[in-house]
1. For residue 356, state whether it is at pLDDT 95 or above and within 20 Å of the chain's Cα centre (by Cα).
2. Please go through the stretch 16-57 and pick out each residue that is in contact with a Cys (Cβ under 8 Å, 6 or more places away or on another chain) and within 28 Å of residue 342 (Cβ to Cβ).
3. Of the numbered conditions (1) without any contact (Cβ under 8 Å) to a residue 60 or more places away in the chain; (2) under 23 Å from residue 192 (Cβ atoms); (3) surrounded by 14 or more Cβ atoms within 10 Å (Cβ to Cβ), residue 335 fails exactly one; give the number of that condition.
4. State whether one or more residues within the stretch 384-391 are more than 30 Å from residue 102 (Cα to Cα) and not in a helix (DSSP H, G or I).
5. Consider the stretch 202-240. How many of its residues are polar (S, T, N, Q) and touching a Gly at 6+ places or on another chain (Cβ under 7 Å)?
6. Quick check on my filter: what residues within the stretch 281-306 are of a type in the set (Ser, Thr, Tyr) and surrounded by fewer than 19 Cβ atoms within 10 Å (Cβ to Cβ)?
7. Kindly provide the set of residues from the stretch 195-228 that are in contact with a strand residue (DSSP E or B) (Cβ under 6 Å, 6 or more places away or on another chain), within 14 Å of the ligand (Cβ to nearest atom) and assigned to a loop (DSSP other than H, G, I, E, B), ordered by number.
8. Test each condition in (1) within 16 Å of the ligand (Cβ to nearest atom); (2) in a strand (DSSP E or B) for residue 156 and report the one that comes out false.
Amino acid sequence: MTTSPESTMSEEPRKEGGHVIPLAEPHLGGNEWAYLKECVETNWVSSAGSFVDQFEATVGDYLGGRHAVALASGTAALHTALLLAGVGRGDEVLLPTLTFIAPANAVRYTGAHPVFVDCEPETWQMDPALVAEFLEERCRREDGEVINEATGRHVRAILPVHILGHPCDMDPLLDIAEDYDLVVIEDAAESLGAEYKGRKVGTLADIACLSFNGNKTVTAGGGGMVVTDRKSWADRARYLTTQAKHDDVEYIHNEIGYNYRLTNLQAAVGCAQMEELNTHVEAKREIASHYRREIEAMETLDFFEEANWARSTYWLSAIQLTSQGKKSVDRRELQSHMRKENVHVRPLWQPLHKSPAHENSMVLGGAMAQATRNTALCLPSSVGLASRDQETVIEMVGQKTENRN
Ligand SMILES: *Cc1c(COP(=O)(O)O)cnc(C)c1O
């Protein structure tokens, strides 16, 4: 295993006591308590119950009447989606290098290999032009299959991840996927509520995966969902994630399954949170516009802005340090300064082609992702973030980047 400074990031010392401004904490301001109470009073707490059905129906309806299967986590949803897409041992899946590690891990759970794709400079999302170039110039077709010339492996699916609340540029990806008969799986874990050219994220491809982890826009404490317009895939997702039980009287299992179902307790919280989804998105967009107003005036910083074809949820507001202007500041320095002051900023992820966990994976480009990783910082973006805390964040960023000598 290689040991780079990237892989040995340590926690900086923190100020004892004092006011903490978290990065993205849950906001439980609706019917969570009432619904949880109902679970306990009715004794429906486990993986069956009316809140599980209601949660699936609510999310499915929200995403244009699709079938939704509630699962234990977003990572479980990604694993299940890949299985539905027929991804298996020795196959390859295209996904961005600049993302949280969960989708790459899910690819590996199936025995397949990730092919990492660099990001676009403007949106930081997976670059569709690199995907097209790879398929057109570095793959061959054999009996309807797509084979990577360099590895001899079958390419099965494309897994775009809408990072930070902003959609990927999906149309070119969907066009290429159609030409090459590849399944497209959207990882919408960070971007429920976002829109691409007026279409909701989560409805754009064959399958979408959601997460209801505590730091996401809406939470169930933990949880995930697979969403698809194919009923047969939804049925199979349900089957695979309940231990592939064929006959539930005689306990006959015809294949290897998983215990990936969500509990009624979690779904109860999820139902209450879905009632607040629009409110949460509006709150995050408000925070973003406050940050944007102030940060636009600072010459060493760019605000992570939505593309003109996108409506971002600004799940996490982010800034990028530029080399323009006379003063420049190191991202790590700004980050550690703010963390010491109990302001929980966070860098983007180590690009996955550099991750020791996914060593020796193929990557298309990668320099843009690394440059973005080096210069971008996510700012506190909790739904309930007080405006005086937003001011504190802006002041701290400004002091470090503008008034240096
Ligand atoms: C959070 C997240 C996931 C995983 O969700 P869990 O519910 O934590 O398993 C997957 N993909 C992305 C991009 C995420 O941010």
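The values are calculated or read from the model by the stated rules, or taken from the named source; none is laboratory data. These figures come from a predicted structure and were not determined experimentally. Note: ideal-geometry Cβ built from the backbone for every residue, glycine included; neighbour counts use all protein chains shown.
1. Working: at pLDDT 95 or above: yes; within 20 Å of the chain's Cα centre (by Cα): no.
Answer is no for this residue.
2. Filtering the stretch 16-57 for residues in contact with a Cys (Cβ under 8 Å, 6 or more places away or on another chain) gives 23, 31, 35, 45, 49, 51, 54-55.
Answer for the stretch 16-57, where residues must be in contact with a Cys (Cβ under 8 Å, 6 or more places away or on another chain) and within 28 Å of residue 342 (Cβ to Cβ): just 23.
3. (2)
4. Here is the first cut: in the stretch 384-391, the ones more than 30 Å from residue 102 (Cα to Cα) are 386-389, 391.
Checking which are not in a helix (DSSP H, G or I) leaves us with 386.
Checked against the condition, which is being more than 30 Å from residue 102 (Cα to Cα) and not in a helix (DSSP H, G or I), the stretch 384-391 yields at least one hit.
5. So in the stretch 202-240, the residues polar (S, T, N, Q) come out as 203, 211, 213, 215, 217, 219, 228, 232.
From what is left, the residues that are touching a Gly at 6+ places or on another chain (Cβ under 7 Å) are 203, 211, 213, 217.
Total meeting the criteria: 4.
6. We begin by selecting, within the stretch 281-306, every residue of a type in the set (Ser, Thr, Tyr); these are 289, 291, 300.
Answer for the stretch 281-306, where residues must be of a type in the set (Ser, Thr, Tyr) and surrounded by fewer than 19 Cβ atoms within 10 Å (Cβ to Cβ): just 289.
7. Within the stretch 195-228, 202 is the sole residue that qualifies.
8. (1)
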